[in-house]
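**Student:** Provided herewith is a single structure, encoded as structure tokens, for subsequent inquiry.
What follows draws every value from the coordinates through simple rules; no lab data is involved. None of the values given here were measured: they were computed from a predicted structure. Positions of Cβ are backbone-derived with ideal geometry, glycine not excepted, and every protein chain shown enters the neighbour counts.
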Amino acid sequence: MSFKLSTAQMVPAVFVFGDSLVDVGNNNYLPLSLAKANFPHNGIDFPTKKATGRFSNGKNAADFLAEKVGLPTSPPYLSLSSKNASAFMTGVSFASGGAGIFNGTDQTLAQSMPLTQQVGDYELVYGELVQKLGSSAAQNFLSKSLFALVIGSNDIFGYSNSSDPNKSSPQEYVDLMILSLKQLIKKIYDDGGRKFFVSGVGPIGCTPSRRMKSKTGACNEEINSMVVMYNQRLKSMLQELNSQLKGVSYSYFDSYAMFENIIQKPATYGFTEVKAACCGLGTLKANVPCLPIATYCSNRKDHAFWICFIQQRQLLVFL
């Protein structure tokens, strides 16, 4: 069965797994990570006007998802000084910028929490909830909670960036991504998860970081073709889990279709710039990321991309 967030009953908690699209500050606590956003000009449009660790000028997809179900944004797991059950009663975020389904997708960024670690940390949370609430009450609480997964982009970026002549074919790589993700979702299921929000990967071949490598500024269609293949297999895998695991329901967010439509018809959604990033330096503002030395656009509502690979908050509002 599937459910739609627009009609879903309000949930008691949201547990978030993923990458920089939904990281709300975990990477702030990783001392070796270069994938951080806790400095200007990030956060310039956030309610506090301060950088929080979100790779965004304002709120990100995790914030909008929490608002959708009537809850506060799930706090970063690493920010919690006391990791006991009381801290988890409205959810927690394990998401980490640079993370992938596979370990090691963050090689150029030095450190992140891959999905395997995120699920491992969730298992610790599950243990705390069982200890506090008892097994039956914990299962009941978690069965009503929402488990959001927004991941996969960095794995495909990693494959595209690899110069290894012996690397697997795109089909084999995608199959392994799906197999690994399926196993991790099953682990969450074994520890109480029943309601899942799963996002497909967007047209990341059209991000400024990929466009700048083209003489014409065109999208990288090889990457986009791989994304389409991954999304198709992701949907099939979710349907399989739905039939195999008792009590599972899920909502699939077709990120590709939505963002492709915005890129092709920007004026319909109020955008005038869908190629260049708002914050950065160099070609399409994608040579240097949004560091304090970078410049940022004054017309942020016109830009689809905040930085070279992350969508602008105005675009995320459409979630």
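**Student:** For the range 202-296, taking Cα atoms only, what is the radius of gyration to one decimal and the Dmax to the nearest whole Å?
**Tutor:** Cα-based Rg and Dmax for the range 202-296 come out at 17.1, 52 Å.
**Student:** Right, here's the next one. Compute the Rg/Rh shape ratio of the range 74-180: radius of gyration over Kirkwood radius, all on alpha-carbon atoms.
**Tutor:** Values: Rg = 16.7 Å, Rh = 15.6 Å.
Answer for the range 74-180: 1.07.
**Student:** Further question on the same structure: Could you work out the pair-distance distribution P(r) of the range 14-66 from its alpha-carbon pairs, with 10 angstrom bin width and percents rounded to whole numbers?
**Tutor:** 29, 54, 17
**Student:** Between L32 and S162, what is the FRET efficiency for a Förster distance of 22 Å, r being their Cβ-Cβ separation, to the nearest 0.05? Provide the component values of the computation, followed by the final result.
**Tutor:** Details: r = 22 Å, r/R0 = 1.00.
The formula returns an efficiency of 0.50 here.
**Student:** Provide the descending list of Cα extents for the range 181-231 along its principal axes, expressed in whole angstroms.
**Tutor:** 49, 17, 13
**Student:** Do any cysteines of the chain lack a neighbour Cys whose Cβ is under 4.7 Å away, and which are they?
**Tutor:** Cys with no partner Cβ under 4.7 Å: C308.
**Student:** Something else about it: When Lys and Arg each count +1 and Asp and Glu each count -1, what net charge do the other residues less than 14 Å away from L291, Cβ to Cβ, add up to? Please report the intermediate quantities before stating the final value.
**Tutor:** Numbers: positive: K36, K285; negative: none.
Net of charged neighbours comes to +2.
**Student:** Count the net charge of all other residues whose Cβ sits under 15 Å from the Cβ of G192, scoring Lys and Arg as +1 and Asp and Glu as -1.
**Tutor:** Numbers: positive: K132, K144, K186, K187, R194, K195, K246; negative: D121, E123, E128, D190, D191.
Cβ neighbours under 15 Å give a net charge of +2.
**Student:** While we're on this one: With runs of 4+ DSSP H residues as the only contributors, calculate the mean residue ellipticity of the chain at 222 nm using -39,500 (n - 2.57) per run, divided by the residue total and rounded to the nearest 500. Please report the intermediate quantities before stating the final value.
**Tutor:** Numbers: 9 runs with 109 residues, N = 319.
About -10500 deg cm²/dmol.
**Student:** Please list, in chain and number order, the residues 5+ apart from S251 or on another chain whose amide H is under 5 Å from its amide H, with Hs placed from the backbone.
**Tutor:** Residues meeting the criterion, in which the H sits 1.01 Å from N, are F3, F196, F197, V198.
**Student:** To make sure I understand the rule: partners must be lysines, Cα under 17 Å from the Cα of K235, and not fewer than 8 residues away in the same chain. Which ones qualify?
**Tutor:** Once the sequence-local lysines are set aside, what remains near K235 is K4, K182, K186, K195.
**Student:** Now, a different point. Can you give the local net charge around S169? Use residues other than it whose beta-carbon is closer than 15 angstrom to its beta-carbon, Lys and Arg +1, Asp and Glu -1. Intermediate results must be reported in sequence, preceding the final value.
**Tutor:** Details: positive: K167, R233; negative: D155, D164, E172, D175, E222.
Net local charge, S169 excluded: -3.
**Student:** Quick check: convex hull over the Cα atoms of the range 225-275, volume per residue in Å³, rounded to an integer? Before the final figure, lay out the partial values.
**Tutor:** Values: hull volume 4.2 nm³, N = 51.
So the per-residue hull volume is 81 Å³.
**Student:** Let me ask you something else. I need the phi-derived Karplus couplings for the range 135-151: 6.51 cos²θ - 1.76 cosθ + 1.60, θ = phi - 60°, integer Hz, Gly and Pro marked x.
**Tutor:** 4, 5, 5, 5, 4, 5, 4, 6, 5, 8, 7, 9, 10, 9, 10, 10, 7
**Student:** Calculate the translational D of the range 116-246 in whole µm² s⁻¹ from Stokes-Einstein, where the hydrodynamic radius comes from the Kirkwood formula applied to all Cα pairs, the temperature is 4 °C and the viscosity 1.567 mPa s. Walk me through the numbers before you get to the answer.
**Tutor:** Working: Rh = 16.7 Å.
Result for D is 78 µm²/s.
**Student:** Moving on to the next point. Each residue of the range 31-47 in turn: what ³J(HN,Hα) in whole Hz from Karplus with 6.51, -1.76, 1.60 and θ = phi - 60°, glycine and Pro shown as x?
**Tutor:** With the stated coefficients, the range 31-47 comes to x, 9, 6, 8, 8, 10, 9, 8, 8, x, 9, 4, x, 4, 10, 5, x Hz.
**Student:** Would you kindly give the portion of the calculated P(r) for the chain that falls above 23 Å, as a percent of all Cα pairs?
**Tutor:** Of all Cα-Cα distances in the chain, 55 percent exceed 23 Å.
**Student:** Under 5 Å between amide hydrogens, which residues at least 5 positions from V92 or on another chain qualify, with H placed 1.01 Å from N in the peptide plane?
**Tutor:** It is V14, F15, V16, by chain and number.
**Student:** For K285, give me every one of the lysines with a C-alpha distance below 24 angstrom, ignoring sequence neighbours fewer than eight places off in its own chain.
**Tutor:** Straight-line reach from K285, under 24 Å: K36, K49, K50, K59, K213, K215, K265, K275, K301.
**Student:** For the range 40-115, what is Rg from Cα atoms divided by 2.2 N^0.38 Å, rounded to two decimals? Walk me through the numbers on the way to the answer.
**Tutor:** Numbers: Rg = 13.8 Å, N = 76, 2.2 N^0.38 = 11.4 Å.
Relative to the 2.2 N^0.38 Å estimate, the range 40-115 comes out at 1.21.
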